[in-house]
Amino acid sequence: MHVMSKLGVELPLHKEQKMGMWALIFSSFYFFPLLAQKAPVSVVDVIAQVAVYMLFIAFYLIALYQKGPRLTGILLLMMLTCGLGTMLTYGTQSIFGYVGFFCGLCYRLAQGLIMMAMLMSALLLTGFLFANESLWYFCLPAFVVGGGLFALGVIGRKDQTHRLQHRQSQQQIQQLAAIAERERIARDLHDLLGHSLSSIALKAELATKLQQLGQHGQAIQESLEVASIARSLLSEVREAVSGLKQIGLDAQLKALQQRLAQAGFNVFIENQAPSLSAQQESALCYIAKEAVTNILRHSKAKNVKVALMQQDNVVLFRIEDDGDIKNLTHGNGLEGIKERALQLGAKLHVDISHGLKLQLTMEQSVNESHGG
């Protein structure tokens, strides 16, 4: 059996099916009038009462695993079975109310109340026809059972709807995370490839024009620079691909330290490894790579210091060298760093008075600072 939620989606009722099966235990009160009867009962009457009960159980089990409009027909057959069974025994008062469970569970509230009104009307009609002398003795217990099971069904329906909405929310969160990751990858590739590919295109066009003008030496030089940029870009793409393979910030800093050391720099890294979100760690990986790339390309420094630390709820990330910088060009690399800092809500400070000093400061919430 499934429930049609407000979202128009069928809800599987494995939990409610088990609850409905356990609830059948109380239907055994159907046989109480038979067992309490002092007068002799014929075998035919016993067989007939058992047959009514078994028919009710059959319809009940079908309803448990039924879905769609056919469920209403099954519930009407359950009411009819209970009503006609009252000709044999007043024990039907203990099973009439089971229809109320499905009224609350399988219908929206307005429709469920209509079905409950039909159930109560069927109860009263049955009482007038077959239990007129004991009308309230017959109807009141069935009203109480039916109302209680209806409320239980409504609660079960709300629980099912909540679980469905929670599942859909989790799916939406996963989808948004996947979209954000694709956007991050696209942004990384744009930042990485855009400037270099533009340089390659311009130098290739220049080499062609120089060749046409007969300036073969300069054309060859431009072609060699195209090849050099392409090799450098290939290396950076390989590093970016490695970064997509879930390399953490700690591993990224160690890789950059090795890269700087191979280029002849003295590298000092202080990493207190604060708790960072995936977005923060990814952004800092990019900032560190871009800063180191600029140092390798442009800096005449001997020493490079990298520090990552946390004081209370403030994370500090600093990269500095002891080079001699006269002027800082705000090229594609620095613009990419500024963009990442802005996305993190971090403050970026760049100072070139005594070499390059790039410092990023960002505040974390309590949940983030505890790895949330």
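Miscellaneous remarks
- Protein-only accessible surface order, largest first, of Phe31, Phe96, Phe26, Phe150 at 1.4 Å: Phe26, Phe31, Phe150, Phe96
- Distance from the C-alpha centroid of the stretch 207-237 to that of the stretch 87-105: 88 Å, rounded to the whole angstrom.
- Calculated from backbone phi, Karplus (6.51, -1.76, 1.60) coupling profile of the stretch 41-55 in Hz, x at Gly/Pro: 10, 6, 4, 5, 4, 4, 4, 5, 5, 5, 5, 4, 5, 5, 5
- Heavy atoms of His298 accessible to a 1.4 Å probe, total area in Å² rounded to 10: 130 Å²
- Using θ = phi - 60° in the Karplus curve 6.51 cos²θ - 1.76 cosθ + 1.60, the 3J(HN,Hα) couplings for the stretch 214-231 round to x, 8, 5, x, 5, 4, 5, 4, 5, 5, 5, 5, 4, 4, 5, 4, 5, 5 Hz; x is entered for Gly and Pro.
- Heavy-atom accessible area for Thr361, with the other protein chains in place and a 1.4 Å probe, reaches approximately 40 Å².
- Stokes-Einstein translational diffusion, the stretch 56-185 - Kirkwood Rh over all Cα pairs, 0.890 mPa s, 25 °C, in µm²/s: 150 µm²/s
- Protection-proxy order for peptides 43-53, 210-220, 251-261, each taking the mean of Cβ atoms within 10 Å per residue, highest first: 251-261, 43-53, 210-220
- Above-threshold pairs, the threshold being 31 Å between Cα atoms, out of Lys305/Lys347; Lys203/Lys289; Lys209/Lys289; Lys18/Lys38; Lys203/Lys254: Lys209/Lys289; Lys18/Lys38; Lys203/Lys254
- 3J(HN,Hα) couplings calculated from phi for the stretch 348-353 with the Karplus curve 6.51 cos²θ - 1.76 cosθ + 1.60 (θ = phi - 60°) are, in sequence order, 10, 10, 10, 9, 10, 5 Hz; Gly and Pro show x.
- Computed from the C-beta positions of Gln218 and Gln171, the FRET efficiency with R₀ = 51 Å rounds to 0.30.
- With DNA, RNA and ligands ignored, accessible area of Lys158 (1.4 Å probe; Å², nearest 10): 140 Å²
- Between Ala39 and Leu296, full extension at 0.36 nm per residue minus the direct alpha carbon distance yields a gain of 82.0 nm.
The values are calculated or read from the model by the stated rules, or taken from the named source; none is laboratory data. In this text, all values refer to a predicted model and were calculated from it rather than measured experimentally. Positions of Cβ are backbone-derived with ideal geometry, glycine not excepted, and every protein chain shown enters the neighbour counts. Side chains included, ligands, DNA and RNA excluded: accessible areas come from the protein's heavy atoms. Shrake-Rupley method; radii C 1.70, N 1.55, O 1.52, S 1.80 Å.
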